1. Out of all the residues in the stretch 44-74, which are open to solvent by 30 Å² or more (accessible area, probe 1.4 Å) and among the aromatic types (Phe, Trp, Tyr)?
2. For Lys53, are the conditions met, namely being under 10 Å from the mean Cα position of the chain (by Cα) and without any contact (Cβ under 8 Å) to a residue 12 or more places away in the chain?
3. Among Gly29, Gly17, which is open to solvent by less than 70 Å² (accessible area, probe 1.4 Å), touching a helix residue (DSSP H, G or I) at 6+ places or on another chain (Cβ under 7 Å) and within 20 Å of Glu74 (Cα to Cα)?
Amino acid sequence: MNRYEEIAISTDFIPLGQFMKMMNVLDSGGMVKAYLQDIGVLVNDERVYQRGKKLYPGDSVTVDDIGTFVVSKE
């Protein structure tokens, strides 16, 4: 069963790599970087490999076999 979780940010946007660290699905920033380079994630149903991709409230990030995480505003 895949997770669904909203994660609130206090800024207007957040880089994908930083958001993935907040999701607590990978242990370190290095693992996030390697995962994005090798596998990527779905951002709003589009495969993305750049950890600097800006995410805004309402955007969804789907990690294969883990779940979907939605950016929300604090």
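The values are calculated or read from the model by the stated rules, or taken from the named source; none is laboratory data. Please read these numbers as outputs of a predicted model, since none were measured by experiment. Cβ placement follows ideal geometry from the backbone for every residue including glycine, while neighbour counts extend to all protein chains displayed. Ligands, DNA and RNA are stripped out before the accessible areas are found, and what is left, the full protein with its side chains, is counted by its heavy atoms. Shrake-Rupley method; radii C 1.70, N 1.55, O 1.52, S 1.80 Å.
1. Answer for the stretch 44-74, where residues must be open to solvent by 30 Å² or more (accessible area, probe 1.4 Å) and among the aromatic types (Phe, Trp, Tyr): Tyr49, Tyr56.
2. When the stated conditions are applied, Lys53 does not pass them.
3. Residue meeting the stated conditions: Gly17.
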